[in-house]
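Chemist: Once you've had a glance at the structure underneath, I'll fire off some questions.
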Amino acid sequence: MPRTYKAVLSDDGIRWTGEVPEAVLRGEETPVEVVVPEEPAALPVSGITGARLAEIFEKLAATDPFQEIEDPVGWQRAVRDERPLPGRTSE
């Protein structure tokens, strides 16, 4: 009976994400059947390409989330001072 192995199909290769078939480990060419779901499962964060990540950062930058901060360096200092750091005393 055929077994099912977990893998990711990308371009012209397969990256095994779980157990690897013995024949593959032995270096044998092995015929396989690949079933691609109509809607691929969401990729884990580690599967995000550089281009997609750049697109996400561009959208974030366009929102200008820190526009109300007039002095970024002062703001960072104030944020760090909000909690005591281990081994340090507030002065």
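A quick yes/no check of all residues on (1) at pLDDT below 80; (2) touching a Ser or Thr at 6+ places or on another chain (Cβ under 8 Å); (3) open to solvent by 80 Å² or more (accessible area, probe 1.4 Å):
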{"residue": "ILE48", "(1), (2), (3)": "yes, no, no"}
{"residue": "ALA62", "(1), (2), (3)": "no, no, yes"}
{"residue": "GLN67", "(1), (2), (3)": "no, no, yes"}
{"residue": "ASP71", "(1), (2), (3)": "no, no, yes"}
{"residue": "ALA78", "(1), (2), (3)": "no, no, no"}
{"residue": "GLU91", "(1), (2), (3)": "yes, no, yes"}
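Chemist: Pick from the range 21-36 the residues that are under 28 Å from the mean Cα position of the chain (by Cα) and either farther than 13 Å from THR4 by Cβ or of a type in the set (Lys, Arg) (or both): which of them is least open to solvent (accessible area, probe 1.4 Å)?
Modeler: VAL24
The values are calculated or read from the model by the stated rules, or taken from the named source; none is laboratory data. Note that the structure is predicted; figures quoted are calculated from it, not measured. Methodologically, a virtual Cβ is constructed for each residue, glycine included, from the backbone with ideal geometry; neighbour enumeration extends over all protein chains shown. Protein only, heavy atoms only, side chains kept; ligands, DNA and RNA dropped before computing areas. Shrake-Rupley method; radii C 1.70, N 1.55, O 1.52, S 1.80 Å.
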